[in-house]
1. Quick one: what are the phi-derived ³J(HN,Hα) couplings along segment 175-189, Karplus 6.51/-1.76/1.60 with θ = phi - 60°, whole Hz, x for glycine and proline?
2. Using the 10 angstrom Cβ neighbour count as an exposure proxy, how do Met238, Met145 rank, fewest first?
3. May I have the convex hull volume per residue, in Å³, for the Cα set of segment 139-273?
4. Take Ser340, Ser253 and order them by how many other Cβ atoms sit within 10 Å, fewest up front.
5. Too long at a 22 Å Cα-Cα cut-off: which of Lys85/Lys188; Lys103/Lys147; Lys78/Lys374; Lys160/Lys193; Lys322/Lys374?
6. By the gyration tensor of its Cα atoms, with a ≥ b ≥ c the square roots of the eigenvalues, what is the shape of segment 235-310: rounded for a/c under 1.5, prolate for a/b over b/c, or oblate?
7. Straight-line reach from Lys225: which aspartates and glutamates have Cα under 15 Å away, leaving out those fewer than 8 places along the same chain?
8. Once the other residues with Cβ under 13 Å from the Cβ of Leu382 are scored (Lys, Arg +1; Asp, Glu -1), what is the net sum?
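What follows is calculated from the coordinates using simple rules that are stated; it is not laboratory data. None of these values were measured; they are calculated from a predicted model. For neighbour counting, all protein chains shown are included, and Cβ atoms are generated from backbone atoms with ideal geometry for every residue, glycine included.
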Amino acid sequence: MYKITIRVPYFIILLFFISIACSEADKKSSSGYVEHPIEENLPHYGEDYITVSNEGDGDYKNDFPDELDRLRSYFNNKEGHSERKLSTFVGEVIRTDIESIDKENIVIFDSFMNQLITYNLTSDTSNIVAQKGSGPGDIHFGMEMSKIDSTVIISMQSLKVSEFHCVHSDCNYERTFPIDFSALSSVKIDDNKYAIFGQNDLREGDDEKVDREAVRIVDRNGSIKDTFGYYYDTDNWMLQFTMRGGTVRFNESESTYVFSHLNLPFIYTYNHDYSLKDIYFIEDFTQGSFYHFPESNSASRGRDAASRILDMNVFDQFILIKTYTHSDYVLPEDLEYEQSYYIIDLATKNSYYVGSENGLINETIYVTEHHLIKNRGGSLYLIEKI
């Protein structure tokens, strides 16, 4: 559905964050904890934002790229599509990334198994390109795969980023470069420039290592040249570690960096000079709670209903956003979830709601350049129009 985007003052989010507008000192309860997020600690607090909604009527634009039209067509007429099971299996749904190499081949990164796989959709055959513990492109603690043109980037917590060149059924290891922080999400900008959302190594429990800037610009040797974007503002390493996660992308057609935190309802865009461009607020996002316990210096995620921004993909001037919302966590068998898909047009600043799917936690749809692929409990299915 077509949405007219509007700018509203950032402080209106007070209604959304219900219990988080007070100062941290006021949030300490008799139980000795502080509830987060706190509004004034949000990145770019005080700036206006553009609302992304799933309400309203209207028609889709007729000039979406094929990748987004394919997803729209599926949601408009699921009965008019078939599912063909592929002869490969992957690990956890939320830890798998899939991209098209061409119309016959896809590349799969299974971060649960720490392996990169190519799969031919015509012959139904797969090939392991890289895996943990062996061969060139050895993958340790992989977090994410991104792809621009024929370049595939693997982000790793093990203080390094690996690069592969993928054409047709061949995906060959190019190189690995070291960095001095954990790479959670990465994208290649040009031959000597990468944008990496990362985090200092917080395992030693050092509050002095808490990050402020979220995205580093590094050269091909891993040297930091610039930074932009912010973390949620906290001086506590344990809370920052608990709230970690996010995605960075680059929209070449609009020369715009796009960044989101996993656990916050905002999409931040930045100009080529790293200045803030726009903030988009996903209205139908259920903010989850995080708790810091000062006496024990520990932190935990709440068991209430919560949303996450699972993924972002770039198609021409558009950004496709996938969110995941789960119900209050009581027992695993009682957990309900919903995945929703939104499109933001960075050129017009309009947004579009594509649709939602309710079901099990172990299902999701991957939108690639040439394909729609569903992951159902680790089994992959190619979605095709009948």
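1. Computed from phi, the couplings for segment 175-189 are 5, 10, 10, x, 9, 9, 8, 6, 8, 9, 7, 9, 8, 8, 9 Hz.
2. With the fewest neighbours first, Met238, Met145 line up as Met238, Met145.
3. Looking at segment 139-273, the number lands at 113 Å³ per residue.
4. Ser253, Ser340
5. Exceeds cut-off: Lys85/Lys188.
6. prolate
7. List returned: Asp180, Asp190, Asp191, Glu213, Asp273.
8. Residues near Leu382 contribute +3 overall.
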